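Here's the structure we're looking at; comments come further down.
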Amino acid sequence: MTDALKRLSDEGVAIWLDDLSRKRITSGNLAELIDQQHVVGVTTNPSIFQKAISQGDGYDSQVADLAAREVTVEEALRMITTADVRDAADILRPVFDATGHQDGRVSIEVDPRLAHRTRPTIAEAKQLAWLVDRPNTLIKIPATKAGLPAITEVISRGISVNVTLIFSLERYRGVMDAYLAGLEKAKAAGLDLSQIHSVASFFVSRVDTEVDKRLEKIGTDEAKALKGKAALANARLAYQAYEEVFGGERWAVLDRAGANKQRPLWASTGVKDPAYPDTLYVTELVAPNTVNTMPEATLEATADHGVITGDTIRSRYAEAQAELDALEAVGVSYDDVVQVLEDEGVSKFEQAWNELLDSTKAELERLAQSAEA
């Protein structure tokens with residue numbers, strides 16, 4: 001069952017699970033995935049927590065205590081989510097130690113309502129790092145324009161970061177620049193650079209969803225022939241940019257000071273179109289020093305029938321560029337696509353967060369009333 005996942009790991013791809021819930025922690029499922037399915041990390045986002053808390057009864061005891069204390073809904077939500085992340089980080093701690101602190105990490109996101117505000121994002125990141133209080137935590141900061149200076153500042157303070165919601169190659173270069181600037185500030189402040197880690201979450205499947213919709217609307221045979229190509233092409237060119245930046249002299253100075261490369265992380269790897277292979281965004285994005293964070297269904301599909309054929313990125317840069325050029329030629333604007341996706345990404349997480357606040361508020365009120373009764 002796990003040969004494909006082992007092969008993937010052997011190729012330099014760290015397998016992270018894109019999901020977390022209290023039930024997954026307390027049932028032993030997370031520990032089992034680590035032990036049997038080569039999972040070495042966990043990512044969360046507001047949508048994942050919204051699903052976990054609204055559908056699970058494993059939170060009742062903690063929520064009842066929070067209700068008794070009459071805490072605000074925002075405080076309650078942070079207590080609930082950071083408890084899950086803390087427990088998951090403890091389960092992953094042996095992996096963290098065994099991999100020299102590279103893997104065994106759990107990500108938690110800043111309040112998505114702050115995505116376009118730099119200073120509050122920095123304050124929230126510091127607060128989350130303090131609340132979770134585990135060295136193997138990554139604080140997720142969105143790669144909005146306001147997020148970039150926040151990334152630099154948070155990294156400069158020695159807090160490890162997962163940069164999320166990256167869709168465009170230009171913005172990805174801005175993310176890498178923000179990371180290097182943060183390391184340079186940390187170095188000037190005398191911090192130990194070897195203790196600072198980062199991943200850059202480059203989103204995949206949503207690109208095909210948006211581009212394919214536009215190609216279908218154009219409707220020509222030439223346009224339809226390009227369906228299912230944009231996401232992989234975009235990700236492969238992102239890896240090319242990663243190789244350029246982390247092969248340059250600016251990086252070499254930091255490398256000599258003990259810094260860690262910011263690994264590309266393939267996010268949104270669950271296939272949305274059933275016409276495509278369900279392992280498409282795993283088997284076709286294999287390269288050293290990357291992370292693939294998978295929903296459980298994608299993890300299981302890869303374990304069951306994924307075929308890992310070695311590096312599927314580095315020999316295909318020219319092909320990837322030709323495919324993006326072809327999209328422009330038939331009338332699909334790359335710049336418009338990636339801006340729409342960033343806006344939608346922030347909006348979806350903000351909506352999930354607001355739904356999470358509403359459901360948490362309802363649970364606090366329900367349990368407070370039942371305690372009174």
Return the pairs, sorted by first residue and then second, in which the second residue is among the β-branched types (Val, Ile, Thr), the first residue lies in the range 44-56 and is farther than 14 Å from residue 106 by Cβ, the beta carbons are less than 7 Å apart, and the residues are 6+ apart or on different chains.
53/80; 53/360
Suppose we filter the range 85-98 for residues that are crowded, with 16+ Cβ neighbours inside 10 Å and under 19 Å from residue 262 (Cα atoms); how many remain?
2
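Take the residues in the range 183-207 that are free of Cβ contacts under 8 Å to residues at least 40 places away in the same chain and open to solvent by 10 Å² or more (accessible area, probe 1.4 Å); name whichever of them is nearest to residue 228 (Cα to Cα).
Result: 185.
Any idea which of 355, 344, 323 is acidic (Asp, Glu) and more than 17 Å from residue 46 (Cα to Cα)?
Testing whether each residue is acidic (Asp, Glu) and more than 17 Å from residue 46 (Cα to Cα) leaves just 323.
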Exactly one condition in (1) within 17 Å of residue 275 (Cα to Cα); (2) in contact (Cβ under 8 Å) with a residue 40 or more places away in the chain is false for residue 225; which is it?
(2)
Checked the range 82-129 for anything within 21 Å of residue 46 (Cα to Cα) and in a loop (DSSP other than H, G, I, E, B); matches are 104, 110, 111, 115, 116, 117
Of all residues in the range 87-102, which are among the acidic types (Asp, Glu) and touching a helix residue (DSSP H, G or I) at 6+ places or on another chain (Cβ under 8 Å)?
87
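Condition (residue is within 17 Å of the chain's Cα centre (by Cα), among the hydrophobic types (A, V, I, L, M, F, W, C) and within 24 Å of residue 292 (Cα to Cα)) applied to the range 94-104: is it met by at least one residue?
Within the range 94-104, none of the residues are within 17 Å of the chain's Cα centre (by Cα), among the hydrophobic types (A, V, I, L, M, F, W, C) and within 24 Å of residue 292 (Cα to Cα).
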Looking only at the range 250-276, count how many residues are open to solvent by 20 Å² or more (accessible area, probe 1.4 Å), over 22 Å from the mean Cα position of the chain (by Cα) and not charged (D, E, K, R).
7
Residue that is nearest to residue 107 (Cα to Cα), among those in the range 16-43 that are among the β-branched types (Val, Ile, Thr) and open to solvent by 20 Å² or more (accessible area, probe 1.4 Å)
40
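For the range 262-301, give me the residue count where each residue is in contact with a Lys or Arg (Cβ under 7 Å, 6 or more places away or on another chain), farther than 16 Å from residue 44 by Cα and of a type in the set (Gly, Ala, Ser).
1
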Restricting attention to the range 286-293, does a residue exist that is open to solvent by 10 Å² or more (accessible area, probe 1.4 Å), on the phi < 0 side of the Ramachandran plot, in contact with a helix residue (DSSP H, G or I) (Cβ under 7 Å, 6 or more places away or on another chain) and not in a helix (DSSP H, G or I)?
no
Has the range 81-100 got any residue that is among the aromatic types (Phe, Trp, Tyr) and farther than 30 Å from residue 244 by Cβ?
no
Would you check which residues across the range 306-330 are open to solvent by less than 30 Å² (accessible area, probe 1.4 Å), β-branched (Val, Ile, Thr) and either within 25 Å of the chain's Cα centre (by Cα) or more than 22 Å from residue 210 (Cα to Cα) (or both) and list them?
308, 312, 313
When only residues in the range 232-249 that are among the acidic types (Asp, Glu) and within 23 Å of the chain's Cα centre (by Cα) count, which is least open to solvent (accessible area, probe 1.4 Å)?
243
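The values are calculated or read from the model by the stated rules, or taken from the named source; none is laboratory data. Here the structure is a predicted model, which is why all the values come from computation and not from measurement. Because the Cβ atoms are built from the backbone with ideal geometry, glycine has one as well, and the counts that use them run over all protein chains shown. The area values use the complete protein model at the heavy-atom level, side chains included, leaving out ligands, DNA and RNA. Shrake-Rupley method; radii C 1.70, N 1.55, O 1.52, S 1.80 Å.
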